[in-house]
């Protein structure tokens, strides 16, 4: 009972997973070293030259050993069919023998491929075959082979070719995102038809369908939002052009803008997240270059030139829309979304991260102002109208902090500090301090550049402890144990300063010396290695003496080895047979006293009369 | 707290007879200590332990002196002693079921843990109770027994202990049940008592006794009988074979039995015939070990190399039952039969599996067969001596068929029953066990357990004096020339020219064949048949240098054994995926790892084995 429960769960997995796997590629272990080997085998199997085919089959035999029982069915089936073709072309088999080999390979193919499609209720093979695009006559051929007369060789050959072609199209060409198709146009079309057909029918597709539909719906919705946003942009540009230079006019929201706003609010009711996504797609809150040009904004590549502010004109361009949209919930969503986007692009030096950072900063400033209650009621209308927020917006600050920390970039310390200042309830002073330090260490900018004096004053006096320091300490302790062999390293206390040079220097140091971890391993195990070496004196087994930085080489790869798929081929080897090992024939029955039989035959390969007698006496007739 | 009040009078009664010692000598103090990895702790600083031990004993006895055992305050069961150590006070027959890991040392009195009685003279024991397996229960034993000084005394004590043991087992069941009931009533589940916090500080968490091992009546009876046979006056050395379907608790029973036996004997032999879930070795091995230490955890926590191991190379033996029996026979022939032998078998007891089991029983001729089976689920017929005698095995025949043809072959003094005379045929005693709690091992998929025991074995590669665990690819490998070791792929025919593609980055058995490996050339030496030979350990072929003709191998096998290795056997057991996938700090592609392989494409999956049975059953339902 429990066994059944145990095996049921992994079996459920393959069918449920494709939809998920689309989203996040899963790293799995396969039998080929790399792409090159896969390609080589595929080309080899299908090349038509039986010498090359044999080579590919030999490689597949090694795959089979690696995979054990997990060998992909399609590879197995292909190899079996190709083996028949190789046998056929060798001319060593007579037609009847060939029919038998082809027959078994074909039966196995049809059964194995369709069995995976079987559901709880047994379906006829023909139906299953139709679902995956196997021609019906191949199924009939299978029935004939198992239950009827043996078919003619020609039919078997034809079946084999058709099935191999099917495997190439359905498995080899599609697997590993393969584009290696050397076929002409109509064949391609045909293949697409087959594929579409197969996909529509396969159960994998059934699972994907709801998601696919949802995806489609999402796309349509996204388009709708975009349309509205574009109309907003056009309207703003129109206002700018007609009433030239008076950008204040943007604030007296026209009826047109009000209408657009209402539309977006409607859409927001349906899906806030999608609206936030659309706003952050290129061309809206994140402008394209041409948009900046139209607004006469000079783009500076220098990242800090804008001081975490959106260029005023651009700010004013979007302010009416944003102040209308930024409800409490939407603000939370938008800020989190911005951090998420920032995480995706924090490395690039383009407009996107810069605008994201500045927008976040603007939003936070706005929130800070409104939450602090500093909004001057009596101030002139224009001033108050420029604000993004009209009411207090209590956000879920812990979530905001989280998303900020998940999108580390050069500006993180600044943004984090803003968040920590605004957030209510506040974190404890020490946690704030520690978070800021950590953020600044992580982003390698040193202590927070713009931090308030209270938080950062004492940071300069203390060195910042990093993982390396801990490792260094561990190494020191180790060395003390080993009679302090290397003491001069003591100077290399990894103290980090603000400077970028320092960081680079340290990286260099790590490259030239050793990785701290590896160093640890070395000093700790040097003695052990020496002992092992001594113990192995005179043996074939040795400890690799070369100074190899093993950590750079994954398992299965040695220094100097290339990805050449032929790199592990052997040209010479010798075979050795063991004389006193039980040979299978002896084992026909447990009744033979093999303890006696297993005595090494001393007189060479020939049996003496005595041996012969022993063997005979061990034989049994059933 | 109610529990304690209940428990207190019982303790008082126990203590009354012993007079002087206030609070009764029955109380036991246990020190689960050191949160860090127990294995490491075991290796480290025994000196410090002995220095502090005296202090602990003093500390523990101070509780008894002040009458705190039973405790003065209700609810005081565990006290935090120092960083990462805690002292636990258990009144007699009180049990603590827990998950987690710790090092256990008994300071006063005695406790029993999975059958093993831990007394104060025992050194610290590493204890593992992970969620993958049945939780362990720590149970205080009534009365402290001083370790016997000489042999005669030992024998008397053993017999005495055994007698009292029987009593204890019988008594032990009642409190178990009563206790679980009580705890459910009186123990608020959400409350995190101070005692829990103390236990958590050493790395264990208390859990309901229901999660612990439930010893059923039939189990008890079987264990009693076996202990009597092993420790009492009995002609011949008992050979106990344990069999039954998967997940009926064979391994747990074996552990319990071994631990119980170790209370009376210095050593017990254990033969592992379950190549899927071996107790002491990575999967795929048949092995014979002399067990001297109690087994207090699942297999992946005590990986070691027993003195006789043969690498079969697969986790199931359907494909080559002949070689399987060969291997079992070879290992069994190494058994000295001087101490009791416990034999574990596979959970494959249907169809051919049952026939193979009958072969196995004929081969090993056990004195006792423990057949585990669920009462409501008759997976196999009772393996009575008659049944084994008359029914045919997979490779052997039953008595009647074989009788006539054996005539005239007098010189066959085989391991099989002596032919002809029926009466002298070894008669085993069948002990039928109905485990009431068949959850052992069922919670975790067998593939994961395989990986865990391989990882547990590979743990020996880490040097104990470094705090950090180094990734495997960072370690310095051994190297050995192609022509110094013979090579054989066990269960697959691999084209010789492509054999290195199979060997590279694979799990290999490091074996020793009696022949010298002959080398005409400097190329690799491939064996033409699979040898049955001693396996000295396992390794990962870290790389194959075709130019210099060297294998690079990572292995924890000590050098003095490694120099004997002259044969590499490559089975169908794979390195755990996480080892390959999780390699950090590699630039570029990792060999054999891809994220492009798409399992949703037709034919990308593996052959499904049991599907047909399932379908057939479904069909029957329809019909």
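Quick check: residue separation of residue A:35 and residue A:575 times 0.36 nm, minus the Cα distance between them. What number comes out in nm?
The residue A:35-residue A:575 span can extend by a further 191.2 nm.
Quick check on the stretch B:314-372: take the gyration tensor over C-alpha atoms, sort the square-rooted eigenvalues as a ≥ b ≥ c, and tell me if it's rounded (a/c under 1.5), prolate or oblate.
Values: a/c = 2.14, a/b = 1.35, b/c = 1.58.
Cα axes put the stretch B:314-372 in the oblate bin.
At a Förster distance of 30 Å, what's the computed FRET efficiency of residue A:298 paired with residue A:387, Cβ-Cβ distance as r, to 0.05?
On the way: r = 26 Å, r/R0 = 0.86.
Given R0 = 30 Å and the Cβ-Cβ separation, E is 0.70.
Where in the stretch B:299-317 does the label zone of residue A:69 land, with the point 7 angstrom along Cα→C-beta and an amide N cut-off under 15 Å?
B:313-317
Going by a ≥ b ≥ c, the root eigenvalues of the Cα gyration tensor, does the stretch A:533-578 fall in the rounded group (a/c under 1.5), the prolate group (a/b larger than b/c) or the oblate group?
Cα axes put the stretch A:533-578 in the oblate bin.
Find the centroid of the Cα atoms in the stretch A:60-119 and in the stretch B:264-281, then give the distance between the two in whole Å.
First find each Cα centre; the distance between them is then 41 Å.
What distance in nm separates the simple spin-label points at residue A:566 and residue B:338, each placed 7 Å from Cα in the Cβ direction?
6.0
By how many nm would the segment from residue A:255 to residue A:83 lengthen if fully extended, with 0.36 nm per residue of separation less the alpha-carbon distance?
Length gained, residue A:255 through residue A:83: 54.2 nm.
I need the calculated FRET efficiency for the pair residue A:54 and residue A:398, taking r as the beta carbon distance and R₀ as 56 Å, to the nearest 0.05.
Here the calculated transfer efficiency is 0.30.
Would you mind computing, in nm to one decimal, how far apart the modelled labels at residue A:241 and residue A:540 are, each placed 7 Å from Cα along Cα→Cβ?
8.5
For the pair residue B:584 and residue A:219, how long in nm is the line joining their label points, each one 7 Å along Cα→Cβ?
Using points 7 Å along Cα→Cβ, the separation is 4.0 nm.
Residue A:234 to residue A:430: FRET efficiency via 1/(1 + (r/R0)^6), r the Cβ-Cβ distance, R0 56 Å, to the nearest 0.05?
The calculated FRET efficiency here is 0.60.
The numbers here are math on the coordinates, done by the rules we state, and not lab data. Here the structure is a predicted model, which is why all the values come from computation and not from measurement. Backbone-built Cβ (ideal geometry, glycine too); neighbour counts: all protein chains shown.
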